[in-house]
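The structure under discussion appears below in the form of structure tokens.
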């Protein structure tokens, strides 16, 4: 039986260059995703319903979306990108490597540059350390979709998950605070 961790997500955005931290007020439907035990002891993800087609993370839905409606979503620090992610398989496992599906779109509607660089990371600011693995981010089959393999939240506490998007030598970060039980 695989254990999973209960997550509480709060949107938090940090301006990378100036290190100015702003508390965000994300869409309530994207912040209510959590894990809960199912009848058979495994964990199942419960999601706020906001309409749209539901699929497993990382699978294309009929409407072309890459993620489910329960994906965690935030704007990047300067508001250039809408960044969304969720664990592939629906839950973050307890102290085991996992992958996340990521979707990035420019707010102005322009396509992402072909040489866009995406980095995923997580750290525990109160403990002064990050993950024990370095995730590898790969492009997925359609525009704006990526997969980060090798995420690992190896202990309980507050984690800051960050996704950096770099285009034309400029990088912007979107961050989420996760409370892992």
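The values are calculated or read from the model by the stated rules, or taken from the named source; none is laboratory data. This structure is a prediction, so every number in the text was calculated from the model and none was measured. Cβ sites come from the backbone with ideal geometry, for glycine too, and all protein chains shown count toward neighbours.
When you go through 70, 109, 79 one by one, which is the residue that is surrounded by 19 or more Cβ atoms within 10 Å (Cβ to Cβ) and part of a loop (DSSP other than H, G, I, E, B)? If you could, list the steps in order and put the result at the bottom.
Numbers: 109 fails: surrounded by 19 or more Cβ atoms within 10 Å (Cβ to Cβ); 79 fails: surrounded by 19 or more Cβ atoms within 10 Å (Cβ to Cβ).
The match here is 70.
Residue 133 fails exactly one of the following numbered conditions: (1) at pLDDT 95 or above; (2) farther than 17 Å from residue 80 by Cβ; (3) assigned to a loop (DSSP other than H, G, I, E, B). What is the number of that condition?
With respect to (1) at pLDDT 95 or above; (2) farther than 17 Å from residue 80 by Cβ; (3) assigned to a loop (DSSP other than H, G, I, E, B), residue 133 is out only on (1).
Any residue that is closer than 19 Å to residue 106 by Cβ and either touching a residue at least 12 places away in the same chain (Cβ under 8 Å) or part of a loop (DSSP other than H, G, I, E, B) (or both) - is there at least one of those in the stretch 145-156? Don't jump to the end; show me each part of the working.
We begin by selecting, within the stretch 145-156, every residue closer than 19 Å to residue 106 by Cβ; these are 145-146.
Narrowing the set further to residues that are either touching a residue at least 12 places away in the same chain (Cβ under 8 Å) or part of a loop (DSSP other than H, G, I, E, B) (or both) leaves 145-146.
Scanning the stretch 145-156 turns up at least one residue that is closer than 19 Å to residue 106 by Cβ and either touching a residue at least 12 places away in the same chain (Cβ under 8 Å) or part of a loop (DSSP other than H, G, I, E, B) (or both).
If you check residue 89 against the conditions, is it under 17 Å from the mean Cα position of the chain (by Cα), modelled with pLDDT under 95 and outside any strand (DSSP E or B)?
On the way: under 17 Å from the mean Cα position of the chain (by Cα): yes; modelled with pLDDT under 95: yes; outside any strand (DSSP E or B): yes.
For residue 89, the condition - under 17 Å from the mean Cα position of the chain (by Cα), modelled with pLDDT under 95 and outside any strand (DSSP E or B) - is met.
Can you tell me which of (1) surrounded by 16 or more Cβ atoms within 10 Å (Cβ to Cβ); (2) touching a residue at least 60 places away in the same chain (Cβ under 8 Å) is the one residue 118 doesn't meet?
That leaves (2) as the condition not met.
To keep it simple, each residue is scored yes or no on (1) over 16 Å from residue 73 (Cβ atoms); (2) buried (at least 19 other Cβ atoms within 10 Å of the Cβ); (3) touching a helix residue (DSSP H, G or I) at 6+ places or on another chain (Cβ under 9 Å).
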{"residue": "129", "(1), (2), (3)": "yes, no, no"}
{"residue": "133", "(1), (2), (3)": "yes, no, no"}
{"residue": "140", "(1), (2), (3)": "yes, no, no"}
{"residue": "149", "(1), (2), (3)": "yes, no, no"}
{"residue": "169", "(1), (2), (3)": "yes, no, no"}
{"residue": "172", "(1), (2), (3)": "no, yes, no"}
{"residue": "177", "(1), (2), (3)": "no, no, no"}
